[in-house]
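> Below: one structure in structure tokens.
The values are calculated or read from the model by the stated rules, or taken from the named source; none is laboratory data. In this text the structure is predicted, and so the values were computed from the model without any measurement. Backbone-built Cβ (ideal geometry, glycine too); neighbour counts: all protein chains shown. To get the accessible areas, we keep the full protein, side chains included, count just its heavy atoms, and leave off ligands, DNA and RNA. Shrake-Rupley method; radii C 1.70, N 1.55, O 1.52, S 1.80 Å.
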Amino acid sequence: MKLHHLLLAVLITAIWGINFSVIKLGLSSVEPFTLAGIRFTLCALPLLLFIKKPDVPWRYIISYGLVFGIGLWGLVNLGIRTGLSAGIASLLLQFSAFFTLLLGRLVLKESLSRYQIAGFMIACGGLLSIVFITDGSVTFSGMLLVLAGAIAWSIANIINKKAGTRQVFAFLVWSSAFAPVPLFLLDWLANGTRGYISLVSHMDARAVLSVLFQVYPNTLFGYWVWNSLLKQYPVSTVAPLSLLVPVFGILGSMVIVGETLSPVKILALLLIISGLVVGLYGRRLTHFFAELRTG
């Protein structure tokens with residue numbers, strides 16, 4: 001990978017990691033579902049008026065928008081709102097990689113290797129260690145919500161794979177249009193008109209910057225660049241860099257919202273990232289070291 005492309009990929013992982021802290025800032029004055037609804041409204045409009053519908057069936061566009069918008073980011077926002085730290089949220093969301101493998105086994109009949117099973121078990125050790133964090137940055141309900149969001153992300157990945165579109169940016173923009181109305185409706189069901197009244201009275205510069213960051217650098221720019229890199233380089237070259245997301249997530253949470261980094265959090269980070277490395281790249285690494293020994 002060329003150096004400027006590598007730096008660009010690292011920049012995207014940093015943006016994605018920091019985004020969790022940016023969400024937490026926005027949630028200080030905006031309700032979780034409303035924050036996600038505004039985000040996806042701006043992801044769709046006004047670009048929807050200028051970008052042609054991707055050449056895939058409506059069922060994929062609609063289902064992806066609902067699962068990605070509500071199931072993923074609606075639940076992640078809600079999980080962070082319950083008190084889960086931004087850094088831990090960014091770490092737990094990485095379980096989507098394993099959930100995608102499991103769903104691929106169930107839906108696409110893809111086999112699971114011993115490396116994937118071993119990696120999942122190692123990562124579960126990291127998940128278990130998170131339970132023992134007692135500094136107030138972890139809530140059980142928040143963990144469950146973000147893990148549910150990780151499952152939703154894996155479902156979205158399966159939908160995207162079955163859609164098979166190469167018009168990635170158009171697919172993202174058009175699918176985003178189907179998330180806002182259900183998200184705003186969920187907020188109304190949960191809070192009545194209180195959420196919208198507080199939105200008018202409490203919307204401040206911090207919340208505005210949070211929304212703008214989520215829409216433009218994080219979603220539209222980030223996914224566009226990432227998928228452009230995937231078109232230029234093998235997945236095996238680009239995908240491993242996503243392991244930097246929780247690293248930047250925890251560092252960003254320390255700097256932006258003052259999260260403390262305890263030994264237990266470091267252990268959880270190491271176990272989950274190690275599990276991802278073993279599960280996703282174990283076979284390739286085994287072959288690499290075997291060639292080194294024989295070479």
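> Can you give the accessible area of Met121, probe radius 1.4 Å, in Å² rounded to 10?
The value for Met121 is about 120 Å².
> Carbon-plus-sulfur fraction of the accessible area of the stretch 3-293, 1.4 Å probe, in percent?
Details: 9750 of 13470 Å².
The nonpolar share, carbon plus sulfur, comes to 72 percent.
> Across the stretch 141-146, in residue order, what do the Karplus-derived ³J(HN,Hα) couplings come to in whole Hz, using 6.51 cos²θ - 1.76 cosθ + 1.60 with θ = phi - 60° and x for Gly and Pro?
Per residue, the Karplus-derived 3J(HN,Hα) values read 5, x, 4, 4, 5, 6 Hz.
> Once you have a ≥ b ≥ c as the square roots of the Cα gyration tensor eigenvalues for the stretch 22-140, tell me rounded if a/c is under 1.5, and otherwise prolate or oblate according to whether a/b is larger than b/c. Working shown, then result.
Numbers: a/c = 3.31, a/b = 1.15, b/c = 2.87.
It comes out oblate by the Cα gyration axes.
> Which whole-number percent gives the relative contact order of the chain, counting Cα pairs below 8 Å spaced six or more residues apart?
This gives 41 percent for the chain.
> Grab the DSSP H runs of the chain that are 4 residues or longer, score each as -39,500 (n - 2.57), total them, divide by all residues and round the 222 nm result to the nearest 500 deg cm²/dmol. Don't skip to the answer; put the middle values down first.
Details: 16 runs with 212 residues, N = 295.
It comes out at -23000 deg cm²/dmol, rounded to the nearest 500.
> Could I ask something else about it? Anyone know which of Gln94, Gln167, Gln232 comes out most mobile in the 10 Å Cα GNM of the chain?
Gln232
> HN-Hα J couplings of the stretch 253-259 from phi, Karplus 6.51/-1.76/1.60, θ = phi - 60°, integer Hz, Gly and Pro as x?
Taking θ as phi minus 60°, the curve returns 5, 5, 7, 7, 10, x, 5 Hz for the stretch 253-259.
> Let me ask another. So, in Å, what gap is there between the alpha-carbon centers of the stretch 2-24 and the stretch 57-107?
Using only Cα atoms to place each centre, the spacing works out to 19 Å.
> Oh, and also: Using only the Cα atoms of the stretch 205-271, construct the convex hull and provide its projected area averaged over every direction, in square nanometres to one decimal.
Numbers: hull surface 22.9 nm².
Mean shadow area of the hull around the Cα atoms is 5.7 nm².
> Subtracting the Cα-Cα distance from 0.36 nm times the residue separation, let me have the gained length for Asp135 to Arg114 in nm, one decimal. Show your work: numbers first, answer last.
Details: separation 21, 0.36 × 21 = 7.56 nm, distance 3.55 nm.
Result: 4.0 nm gained on full extension.
> If each residue of separation counts as 0.36 nm, what is the full-extension length gain between Ala190 and Val107 once their alpha-carbon separation is subtracted?
On the way: separation 83, 0.36 × 83 = 29.88 nm, distance 3.30 nm.
Taking 0.36 nm per residue and subtracting the Cα distance, the gain is 26.6 nm.
> Please give every one of the lysines within straight-line cross-link reach of Lys2, meaning a C-alpha to C-alpha distance under 17 Å, and leave out same-chain neighbours fewer than 8 residues apart.
Candidates past the 8-residue exclusion: Lys231.
> Between (i) 19.1, 69; (ii) 24.1, 82; (iii) 25.8, 99, which matches Rg and Dmax of the Cα atoms in Å calculated for the structure shown?
The value matching this structure is (i).
> Under the classification rounded if a/c is under 1.5, otherwise prolate if a/b is larger than b/c and oblate if not, where does the stretch 123-192 fall, given a ≥ b ≥ c as square roots of the Cα gyration tensor eigenvalues? Walk me through the intermediate numbers first.
Working: a/c = 3.55, a/b = 1.45, b/c = 2.45.
In terms of gyration-tensor shape, oblate.
> If you filter the stretch 108-210 for chymotrypsin sites (Phe, Trp or Tyr not before Pro), then keep DSSP loop positions with at most 12 other Cβ within 10 Å, what is left? The partial results should precede the final answer.
Numbers: sites: Tyr115, Phe120, Phe132, Phe140, Trp153, Phe169, Phe171, Trp174, Phe178, Phe184, Trp188, Tyr196; in loops: Phe132, Phe178.
Passing sites in the stretch 108-210 are Phe132.
> How large is the accessible surface per residue of the stretch 112-202, computed with a 1.4 Å probe and reported in Å² as a whole number?
On the way: 4700 Å² over 91 residues.
On a per-residue basis, 52 Å².
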